[in-house]
Ligand code: CDT
């Protein structure tokens, strides 16, 4: 253990029913906070869209029906007890929620995560960059995935100095894209916090269903290893409104090894000692970016969006 060791809890959450009041969900989060505290945690990571059911599974023609799932302020009246209890315990936390931002006079909706330090201050906010799914109602699917209808994409991956290190956030589908981790790592990121809601059934290609758990760990572990950072992946999981979502929340070391993993598909806490100094072991050797990367060869990564094969 060094000065830069942080005890981190992955606070996995089981299903949230459509009619479950925010206050009940926040009570569950406070119970998880207490369990994390009992394990000595200094930072507790909750999932994506932690305050409500995963509403993009439904098509709503009327925005008024969608907006009930959004927060217009943070802390809100409903989440204040979580902020208060974490402050009392001196624990930091991160969670995802649907954010409605009216500050410009026009409503903007984001899939958001925040990072709160041990003194109760919101030190970081992130808007999900990679929005999966579709824009229009697709009745052939057993359930919808309308994130692209309900949210605007975020426009940056940022990092913050917090918990004695350099911390970044990403959300769910972001974890499948190597660019996410690399852009964070190019800012020195040592700890990436990533909440997710991953339906196990993937309607466009159901052959992937059996691989959902494998793909989850594949991307979290490779992101950690290839960038020399700790990665905390936290699920909202279990059968929620009839849709089964992946569990298997993990804390991954910069070596790519899983050091803690949830074993249920419900509310559960696992804690790991995360020594941020271990990042240097990878960042200063095999993945010494400054020495070994060849950005002059990688131009297509930012110049081109989709693949253009050579002419036949
Ligand atoms: N929440 C989220 O981003 N889920 C996606 C589902 C992809 S299928 C539309 C994920 O990548 O896990």
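Is there a residue being within 16 Å of the ligand (Cβ to nearest atom), touching a strand residue (DSSP E or B) at 6+ places or on another chain (Cβ under 9 Å) and over 30 Å from residue 31 (Cβ atoms) anywhere in region 118-128?
Looking for residues that are within 16 Å of the ligand (Cβ to nearest atom), touching a strand residue (DSSP E or B) at 6+ places or on another chain (Cβ under 9 Å) and over 30 Å from residue 31 (Cβ atoms), one finds none in region 118-128, hence no.
Considering only strands (runs of 3 or more DSSP E) fully contained in region 169-268, which possess at least 2 residues that are buried (at least 21 other Cβ atoms within 10 Å of the Cβ) and within 14 Å of the ligand (Cβ to nearest atom)?
Qualifying strands (runs of 3 or more DSSP E): 191-196, 230-235.
Considering only residues that are out of contact with any strand residue (DSSP E or B) (no Cβ under 7 Å at 6 or more places or on another chain) and touching a residue at least 40 places away in the same chain (Cβ under 8 Å), look in region 146-168 and name the one that is nearest to the ligand (Cβ to nearest atom).
Ranking the candidates gives 146 first.
Quick one: count up the residues across region 77-86 that are over 22 Å from residue 194 (Cα atoms) and out of contact with any helix residue (DSSP H, G or I) (no Cβ under 6 Å at 6 or more places or on another chain).
3
Where residues in region 103-112 are within 25 Å of residue 184 (Cβ to Cβ) and more than 12 Å from the ligand (Cβ to nearest atom), which of them is surrounded by the most Cβ atoms within 10 Å (Cβ to Cβ)?
Looking at the filtered set, the residue picked out is 112.
Give the number of residues within region 130-141 that are away from the ligand (no atom under 11 Å from the Cβ) and either touching a helix residue (DSSP H, G or I) at 6+ places or on another chain (Cβ under 6 Å) or more than 13 Å from residue 56 (Cα to Cα) (or both).
Final tally of qualifying residues: 3.
When region 269-293 is examined, which residues are found to be under 19 Å from residue 42 (Cβ atoms) and assigned to a loop (DSSP other than H, G, I, E, B)?
276, 277
Restricting the first residue to region 171-198 and requiring it to be within 19 Å of residue 292 (Cα to Cα) and in contact (Cβ under 8 Å) with a residue 24 or more places away in the chain, which pairs with a second residue that is in a loop (DSSP other than H, G, I, E, B) and within 16 Å of the ligand (Cβ to nearest atom) meet a Cβ separation below 6 Å and a spacing of at least six or different chains?
183/157; 184/157
Okay, residues lined up against (1) surrounded by fewer than 23 Cβ atoms within 10 Å (Cβ to Cβ); (2) within 16 Å of the ligand (Cβ to nearest atom):
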position	(1), (2)
2	yes, no
22	yes, no
42	yes, no
53	yes, yes
68	yes, no
81	yes, no
92	no, no
99	yes, yes
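Readers should treat all values here as calculations from the given coordinates under stated rules, not as data from a laboratory. Just so it is clear, the structure is predicted and the values come from calculations on it, not from any experiment. Virtual Cβ from ideal backbone geometry, glycine too; neighbours counted across all protein chains shown.
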